[in-house]
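Take a look at the structure set out below.
The values are calculated or read from the model by the stated rules, or taken from the named source; none is laboratory data. Since this is a predicted model, take the numbers as computed values, not measurements. Virtual Cβ from ideal backbone geometry, glycine too; neighbours counted across all protein chains shown. SASA here: full protein model, heavy atoms, side chains in, ligands and nucleic acids out. Shrake-Rupley method; radii C 1.70, N 1.55, O 1.52, S 1.80 Å.
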Amino acid sequence: MSGSDRAVEHTPVLLPQVLAALNVRASGVYLDATYGRGGHAGAIVEKLVADGRLLCLDRDPVAVAEARARFAADSRVSVFLAPFSALAACADHIAPGLKFDGILFDLGVSSPQLDDPSRGFSFMQDGPLDMRMSKGVGPTAADIVNGASEAELIRIFREFGEERFAPRIARAIIADRASKPFERTLQLAEMISRVARTRERHKHPATRVFQALRIHVNGELDELEAALNAAFERLVPQGRLAVISFHSLEDRLVKQFMRRHASTDPVYAGLPFVPAHAAPKLRLVGKAIQADSEETARNPRARSARLRVAERLNEGLAA
Ligand SMILES: C[S@@+](CC[C@H](N)C(=O)[O-])C[C@H]1O[C@@H](n2cnc3c(N)ncnc32)[C@H](O)[C@@H]1O
């Protein structure tokens, strides 16, 4: 396989589990909020008949171009270049107030994004320190590394990377950038390796800082919070929400969101009458699902994947 062939590949994680979680019905309406290379989207479409629908979103123009080319002749599929926090506006574009039988989020970056050095996500290959999923839009990782104050860098590395050497790394950045701004991924990764030797097995010392910068540059946690709320509003009763996350910050947010909506408003806890607005609105479907050893052997990226599933309840009905 040539390098360019490999660059467009992405193996979908937990594919059978996602299809089961979404409970795909042939005439249903579905949303894949993170198209990537459409591994999940393609499998959903295969289950649809002529009046089924799939909306695909991605904020990355490269992913969207691939989706548009692939589904150009398929009237069941609509593709949007948009952040998933704007999913309601995309749905309204098809039909005002459109709701879904199932919504999928497969969070993070795709293999083609990670494997393309020019996107700047990788601390293993040299490239511009970019990290923007919405290619070309907004500040880059280099803008943050060269422009943020020491306190702000420490906050970013701690909050989004849970990096215990955050102050040491931030101090080294401030000292180095005065003479030579950070422009390349390896320039930053090698500096971190020098100042913060991690004792975490199988983890490059720059892993946490790169994760933190990526989350910050793309506003990933704010995006996710807004998108979960929007998705919740756009599910039909019995509609399914399936979310795959790849690190604990995302997974915690998803878990807390689902639990909150699967519980009675605590103001009414223990009271004999719970009004409809305070009753649970979601039902948790099983526990978090992880890839089995066969899948992780085939696709190491699946190792950290966690799939959480919830179902929208009829308005006013308790679980
Ligand atoms: C892990 S990949 C999805 C892979 C896909 N399920 C497949 O099987 O090919 C995540 C994708 O979500 C996109 N993405 C991440 N955050 C996004 C956001 N806030 N809005 C829209 N797309 C986002 C990324 O650009 C990337 O293409």
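Residues in region 92-111 that are open to solvent by less than 20 Å² (accessible area, probe 1.4 Å) and more than 9 Å from the ligand (Cβ to nearest atom): Phe100, Gly102, Ile103. The set of residues in region 116-138 being within 12 Å of the ligand (Cβ to nearest atom) and more than 30 Å from Phe232 (Cβ to Cβ) consists of Asp116, Arg119. Taking first residues from region 113-132 that are without any contact (Cβ under 8 Å) to a residue 12 or more places away in the chain and partners that are within 12 Å of the ligand (Cβ to nearest atom) and not in a loop (DSSP other than H, G, I, E, B), the Cβ contacts under 9 Å between residues at least 6 apart in sequence or on separate chains come to Leu114/Arg301. A single member of Ala67, Ala89, Ala63, Ala41 is within 13 Å of the ligand (Cβ to nearest atom), exposed (fewer than 15 other Cβ atoms within 10 Å of the Cβ) and not in a loop (DSSP other than H, G, I, E, B), and it is Ala89.
Filter region 117-168 down to the residues that are assigned to a helix (DSSP H, G or I) and of a type in the set (A, V, I, L, M, F, W, C) and list them by number. Matches in region 117-168: Ala141, Ala142, Ile144, Val145, Ala151, Leu153, Ile154, Ile156, Phe157, Phe160, Ala166. Is it true that some residue in region 107-129 is more than 30 Å from Glu190 (Cα to Cα) and either of a type in the set (A, V, I, L, M) or touching a Leu at 6+ places or on another chain (Cβ under 6 Å) (or both)? Within region 107-129, not a single residue is more than 30 Å from Glu190 (Cα to Cα) and either of a type in the set (A, V, I, L, M) or touching a Leu at 6+ places or on another chain (Cβ under 6 Å) (or both). Against the test of being open to solvent by 60 Å² or more (accessible area, probe 1.4 Å), charged (D, E, K, R) and in contact with a helix residue (DSSP H, G or I) (Cβ under 9 Å, 6 or more places away or on another chain), the options Arg312, Arg303 yield a single qualifying residue, Arg303.
Could you tell me which residue of region 259-275 is farthest from Asp222 (Cα to Cα), considering only residues that are of a type outside the set (Ser, Thr, Tyr) and not in a loop (DSSP other than H, G, I, E, B)? Show your work before the answer.
Residues of region 259-275 that are of a type outside the set (Ser, Thr, Tyr), as a first pass: 259-262, 265-267, 269-275.
When the remaining residues are screened for being not in a loop (DSSP other than H, G, I, E, B), the result is 259-261, 266-267.
Values: Arg259: 18, Arg260: 17, His261: 18, Pro266: 25, Val267: 26 Å.
If we take residues in region 259-275 being of a type outside the set (Ser, Thr, Tyr) and not in a loop (DSSP other than H, G, I, E, B), then Val267 is farthest from Asp222 (Cα to Cα).
When the residues of region 184-202 are filtered to those that are surrounded by fewer than 16 Cβ atoms within 10 Å (Cβ to Cβ) and not in a helix (DSSP H, G or I), which remaining residue is modelled with the highest pLDDT? Within region 184-202, the match that is modelled with the highest pLDDT is Arg184.
What tally of residues in region 49-60 results from selecting those that are more than 13 Å from the ligand (Cβ to nearest atom), within 23 Å of Ala227 (Cβ to Cβ) and open to solvent by 10 Å² or more (accessible area, probe 1.4 Å)?
1
Cβ separations smaller than 9 Å between residues 6+ apart or across chains give the following pairs from region 29-50 residues that are closer than 18 Å to Val243 by Cβ to residues that are polar (S, T, N, Q) and assigned to a helix (DSSP H, G or I): Gly36/Ser111; Gly36/Gln113. Selection of first residues in region 62-88 that are within 23 Å of Gly219 (Cα to Cα) and of second residues that are of a type in the set (Ser, Thr, Tyr), restricted to Cβ pairs under 6 Å at least 6 apart or on distinct chains, gives the following pairs, ordered by first then second residue: Ala63/Tyr35.
Looking for whichever is outside any helix (DSSP H, G or I) and either away from the ligand (no atom under 16 Å from the Cβ) or over 19 Å from Ala88 (Cβ atoms) (or both) here; the options are Gln238, Gln211, Gln256. Which one fits?
On the way: Gln211 fails: outside any helix (DSSP H, G or I); Gln256 fails: outside any helix (DSSP H, G or I).
Answer to the check: Gln238.
Yes/no matrix, rows are residues, columns are (1) open to solvent by 70 Å² or more (accessible area, probe 1.4 Å); (2) in contact with a helix residue (DSSP H, G or I) (Cβ under 6 Å, 6 or more places away or on another chain):
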{"site": "Val236", "(1), (2)": "no, no"}
{"site": "Arg240", "(1), (2)": "no, yes"}
{"site": "Ala262", "(1), (2)": "no, no"}
{"site": "Gly270", "(1), (2)": "yes, no"}
{"site": "Leu282", "(1), (2)": "no, yes"}
{"site": "Val285", "(1), (2)": "no, no"}
{"site": "Asp292", "(1), (2)": "yes, no"}
{"site": "Arg298", "(1), (2)": "yes, no"}
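Examine region 152-173 for a residue that is aliphatic (A, V, I, L, M), at pLDDT 95 or above and open to solvent by 50 Å² or more (accessible area, probe 1.4 Å), and state whether such a residue exists.
Residues of region 152-173 that are aliphatic (A, V, I, L, M), as a first pass: 153-154, 156, 166, 169-170, 172-173.
Pick out the ones that are also at pLDDT 95 or above and you get 153-154, 156, 166, 169-170, 172-173.
Those still in the list that are open to solvent by 50 Å² or more (accessible area, probe 1.4 Å) too: none.
Checked against the condition, which is being aliphatic (A, V, I, L, M), at pLDDT 95 or above and open to solvent by 50 Å² or more (accessible area, probe 1.4 Å), region 152-173 yields no hits at all.
What about Ala33, is it within 15 Å of the ligand (Cβ to nearest atom), of a type in the set (Gly, Ala, Ser) and open to solvent by less than 20 Å² (accessible area, probe 1.4 Å)? It would help to see each step written out before you state the result.
On the way: within 15 Å of the ligand (Cβ to nearest atom): yes; of a type in the set (Gly, Ala, Ser): yes; open to solvent by less than 20 Å² (accessible area, probe 1.4 Å): yes.
Against the criterion (within 15 Å of the ligand (Cβ to nearest atom), of a type in the set (Gly, Ala, Ser) and open to solvent by less than 20 Å² (accessible area, probe 1.4 Å)), Ala33 qualifies.
Checked against the criterion of being surrounded by 15 or more Cβ atoms within 10 Å (Cβ to Cβ), assigned to a loop (DSSP other than H, G, I, E, B) and at positive phi, region 17-25 has at least one qualifying residue.
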